[in-house]
1. What residue among F209, H198, G183 has its Cα farthest toward the positive end of the dipole of the stretch 167-216, where the charges are +1 on Lys, Arg and -1 on Asp, Glu, each on the Cβ?
2. Within the stretch 135-194, list the chymotrypsin sites (Phe, Trp or Tyr not before Pro) lying in a DSSP loop whose Cβ has at most 13 other Cβ atoms in a 10 Å radius.
3. Please state the charge dipole magnitude for the stretch 57-104, taken about the Cα centre, from unit charges on C-beta atoms (+1 on K and R, -1 on D and E), reported in debye and rounded to the nearest 20.
4. Give me the percent of accessible area attributable to carbon and sulfur for the chain, probe 1.4 angstrom.
5. What ³J(HN,Hα) values, in whole Hz, does the Karplus curve 6.51 cos²θ - 1.76 cosθ + 1.60 give for the stretch 144-150 when θ = phi - 60°, with x put for Gly and Pro?
6. Solvent-accessible area per residue for the chain at a 1.4 Å probe radius, Å²?
7. Would you mind working out the magnitude of the charge dipole of the stretch 77-173 relative to its Cα centre, with +1 at each Lys and Arg C-beta and -1 at each Asp and Glu C-beta, to the nearest 20 Debye?
8. Over the chain, what relative contact order in percent results from Cα pairs under 8 Å that are six or more residues apart?
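The values are calculated or read from the model by the stated rules, or taken from the named source; none is laboratory data. On a predicted model such as this, the values are computed, not experimentally measured, just so you know. Here Cβ is always computed from backbone atoms with ideal geometry, including for glycine, and neighbour counts include all displayed protein chains. Note: areas computed on protein heavy atoms with side chains; ligands, DNA, RNA excluded. Shrake-Rupley method; radii C 1.70, N 1.55, O 1.52, S 1.80 Å.
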Amino acid sequence: MMKRPFSSVRHWVFDLDNTLYSPGVRLFDQIERRMTDFVMRVTGSDHPEADRLRKTWWHLHGTTLAGLMAEHSIDPEQYLIDVHDISFDALTPDPHLADLIAALPGRRIVYTNGSAPYAAQVLRARGLEAAFDAIYGVEHAGYRPKPDAAAFETVFALDGTDPRSAAMFEDDPRNLAAPFAMGMRTVHVAPERGAGNHIQHHAPDLGAFLRGIDHG
């Protein structure tokens, strides 16, 4: 049991994509294709160049959206509607995971670099919507993305999250650096553990990890 690290946690923050569903369903592949198509339309680039730009902006700015806003002043609302217009058929309900999350003491939220309406659709498809108290998307952070520390601060201020009594579950290792610096417990949800002292715990399977903690 991991009673000591989590017995004081009363704010549970979960990323969405590849965290609350297995990366094996490859849902985000659909979004990446739509992102590349959007970049092609905005920049006039061919597909290989647009794909390169998408990846470059993700590395430099945190998200493709942030890169497009910085370099092409695009409308973020229309972008988010467009890239999240996907099929959710690959997702299946997980009532056991829903019960595990609902049993966590305190407040439970989703915080994603996607939009809140998109996150709500994913949660419905997974049968997890009732397990959470609130959903926050990149729009709630003024379109500043994780891993920007200011984005976390904005969302946590909106929700009343106290980092000193909070845990962050996230598939992207770089998005755990700011939460760790703020005093949160950090859990990397991924098949392989990422590198860095800012990653305190590794969860190759979220459900199994939640079953294994004693949260007091």
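1. The residue sitting most towards the positive pole is G183.
2. On the way: sites: Y136, Y143, F152, F156, F169, F180; in loops: Y143.
When the chymotrypsin sites (Phe, Trp or Tyr not before Pro) of the stretch 135-194 are filtered for loop state and at most 13 Cβ neighbours within 10 Å, nothing remains.
3. Working: 0 positive and 8 negative charges, 37 e Å.
Rounded to the nearest 20 debye, it is 180 debye.
4. Values: 4970 of 9760 Å².
In the chain, the share of accessible area belonging to carbon and sulfur is 51 percent.
5. Taking θ as phi minus 60°, the curve returns 6, x, 4, x, 4, 4, 5 Hz for the stretch 144-150.
6. On the way: 9760 Å² over 216 residues.
Roughly 45 Å² per residue, with all protein chains present.
7. On the way: 7 positive and 16 negative charges, 56 e Å.
My answer is approximately 260 debye.
8. Details: 356 pairs, mean separation 58.2, N = 216.
Computed over the chain, the figure is 27 percent.
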